[in-house]
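Step one of this worksheet: look at the structure below.
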Amino acid sequence: MKSTLVRCAVAAVGLGLALTACSTGAGSGGSSSSNGVASAPAGSSVIDKMLTGTTGPNGETPTPLTDLTFSEDDLAKLKTGRYTAAQLWHTSSQLVTAVQNGAEAEFARLGIDVVATANANMDAGTQANQVQTAMTKKPDVILGLPVDPTSSAAAFQPAVDAGTRLVFMSNVPAGYAYGKQYSSIVTDDLYAMGKRAAEALGTAVGGKGEVGILYYDAQYYVTNQRDAAFRTTLMKEFPDIKIVAEQGFSDPNNATGIASAMLTQHPDLAGIYASWAQPAEGVLSALRTVGNTTAKVVTLDLDDPIMVDMATGGSTVAVIADEAWNLGKGMADAAAYSLLGKQAPAFAVAGALTITKDNIVEGYQQSLHSDVPTAVRQVLK
């Protein structure tokens, strides 16, 4: 997911956890360094675990969104039910726009009217007010992403009390239970995203050499699973690649300094993985500062500066993206299941895709159902 989702995570885990000390590992087990950059002992990292697949925030088994289907009778019931929906997002972004558009298109197909749409600009009080305002329209379902689990438990309580079905993206309010306060969680296939990132970087460096990892160092299952899946896949599928540096960060603005330290300690790095696009920009900045044009960079989520770098033949060799538009469509489908009295999946996932220089235009369409942004289109020409 985009970095806006991670800002939700920072709020959720609290400032103390968000600012915990980070460390750099040398090799898969980690060791102490001689230049003041501490190494992470095995088992200490939020990504130092072997994964076999995506799981939900409470350990739920994922259901592909493509499994949600409707019979002709289902469609007839939905269209005659005169149901209404509200979309209450945490913020505005390219990702949220794609999710919202996907949901609106599916609601239209199902005959469900969208009566309210809002974003809270990452403010808990604003989100609470927007829920109250939306409830004056008496929506049958609400799609949204909690600004943070604690405040959102109270914010969405009026909807719970009114019997409104709730479908959340990626996270749920604290204390909410599946089938009681909410109908479904929908997010990305997190393991698939991390796996694709590892395969892209492993292939780009020729299956051998030394690489570094910049991961998000906080307890947030979205990024934790993506980062851990990258590490798991790289170690399993590319035995001749050695992870010589693993550095956590809580503030993506520190990524430039972290990457610079990695490159000082390991100037021959063949590749670097960054947890998402914003810290990846810091990695690119560090590479440019030292004049390194050989190290390959792989990251997750569409972002204009990263895509421009890749389109112009820079260090970025692949970007792994979610199918954001389909994620919104799936949220609408899960909401429709609840309206029909059908059990929506506790945890449903959208697909992932690998975007390289060769399929940038197709990648934007598949992920966001949108054209390439102007900044990227200009360099593609």
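Bear in mind that the values in this text are calculations on the coordinates, not laboratory data. In this text, all values refer to a predicted model and were calculated from it rather than measured experimentally. Virtual Cβ from ideal backbone geometry, glycine too; neighbours counted across all protein chains shown.
So, in Å, what gap is there between the alpha-carbon centers of the stretch 50-86 and the stretch 265-293?
Spelled out, the Cα-based centre of one part sits 39 Å from the other.
For the chain, give me the percentage of DSSP beta bridges that are antiparallel, rounded to the nearest 5 percent.
So the antiparallel bridges amount to about 10 percent of the total.
Reachable lysines from residue 381, Cα under 19 Å, same-chain residues fewer than 8 places away excluded?
Leaving aside lysines fewer than 8 places away in the same chain, those within reach of residue 381 are 357.
What does the helix-only formula give at 222 nm for the chain: each DSSP H stretch with n ≥ 4 adding -39500 (n - 2.57), the total divided by the residues, and the result rounded to the nearest 500 deg cm²/dmol?
-13500 deg cm²/dmol
How would you order 158-165, 205-212, 269-276 from highest to lowest mean count of nearby Cβ atoms within 10 Å?
269-276, 205-212, 158-165
Setting aside same-chain residues fewer than 8 positions from residue 208, which aspartates and glutamates have a Cα under 15 Å from its Cα?
199, 237, 240, 268
Could you tell me which of 174, 160, 103 has its Cα farthest along the dipole of the stretch 32-190 towards the positive end, charges placed at Cβ (Lys, Arg +1; Asp, Glu -1), taken about the Cα centre?
Of the options given, the answer is 160.
May I ask for the angle, rounded to the nearest 10°, between helix 94-110 and the longest principal axis of the chain, with both axes built from Cα atoms and the value confined to 0 to 90°?
Here the helix axis deviates by roughly 30 degrees.
Would you mind working out the magnitude of the charge dipole of the chain relative to its Cα centre, with +1 at each Lys and Arg C-beta and -1 at each Asp and Glu C-beta, to the nearest 20 Debye?
Charge dipole, the chain, about its Cα centre: 200 debye, nearest 20.
Straight-line reach from residue 180: which lysines have Cα under 30 Å away, leaving out those fewer than 8 places along the same chain?
2, 77, 79, 137, 138, 329, 342
Considering the options 126, 64, 144, tell which one lies farthest towards the positive end of the dipole of the stretch 45-157, charges being +1 on Lys and Arg and -1 on Asp and Glu at the Cβ, about the Cα centre.
It is 126, whose Cα lies furthest towards the positive end.
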